[in-house]
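Colleague: Quick one: this structure, given as structure tokens, is what I'll be asking you about.
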Amino acid sequence: MSYGSLDQRARTLAAFLLDRARPGESVLIVLQPGLGYIVALFACFYARLVAVPSFPPRARRLAGTLSAIGRDCNAALILTDASSEPGVAAQLN
């Protein structure tokens, strides 16, 4: 991915986020390390949102951790991907 492509993807996501949250609000980023995570992080920077990174849940012993992080940061939004969504949803319900 080029810097220009990264910038375009991050700005597109930032516009999407700003339709759903106000600058200064927290966004819980629940993604594996990689390009998607970098795009999400830069999108938060561009949108002036507070990025709160977390790894996708995997183990039952960590049950409740994600929901606690979300409550602590008062997350307005959660960014995740299709492969992590079932685990994220299970922890937040």
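Colleague: Which value in Å does the Kirkwood hydrodynamic radius of segment 40-93 take, with 1/r averaged over all unlike C-alpha pairs and then inverted?
Modeller: 11.9
Colleague: Please compute the length gained on full extension between Ala82 and Leu35, using 0.36 nm multiplied by the number of residues separating them and subtracting their Cα-Cα distance.
Modeller: Full extension of this stretch gives 15.4 nm more.
Colleague: Moving on. Determine, from the Cβ-Cβ distance of Leu18 and Arg58 and an R0 of 30 Å, the FRET efficiency 1/(1 + (r/R0)^6), rounded to the nearest 0.05.
Modeller: 0.45
Colleague: Okay, moving on. Among all helices in the chain defined by DSSP H, which have a length of 15 Å or more along the axis from Cα atoms plus a Kyte-Doolittle mean of at least 0.5?
Modeller: For the chain, where a helix must reach 15 Å along its axis and average at least 0.5, the hits are 35-47.
Colleague: Can I ask one more? Stretched out fully, how many nm does the piece from Asp7 to Arg48 gain, at 0.36 nm a residue minus the Cα gap?
Modeller: In short, 13.3 nm is gained.
Colleague: To continue, here is another question. At 7 Å along the Cα-to-beta-carbon direction for both Asn74 and Ala89, put a label point, then send me their distance in nm to one decimal.
Modeller: 2.9
Colleague: Taking the chain, which trypsin sites (Lys or Arg not before Pro) meet the DSSP loop condition and have no more than 12 other C-beta atoms within 10 Å?
Modeller: Those that pass, being in a loop and sparsely packed, are Arg20, Arg58.
Colleague: Over 24 Å, how big is the tail of the calculated P(r) for the chain, in percent of all Cα pairs?
Modeller: Of all Cα-Cα pairs in the chain, 19 percent lie more than 24 Å apart.
No lab work stands behind these numbers, since they all come straight from the coordinates. These numbers come from a predicted model, not from an experiment. So basically every Cβ, Gly included, is an ideal-geometry build from the backbone, and we count neighbours across all protein chains shown.
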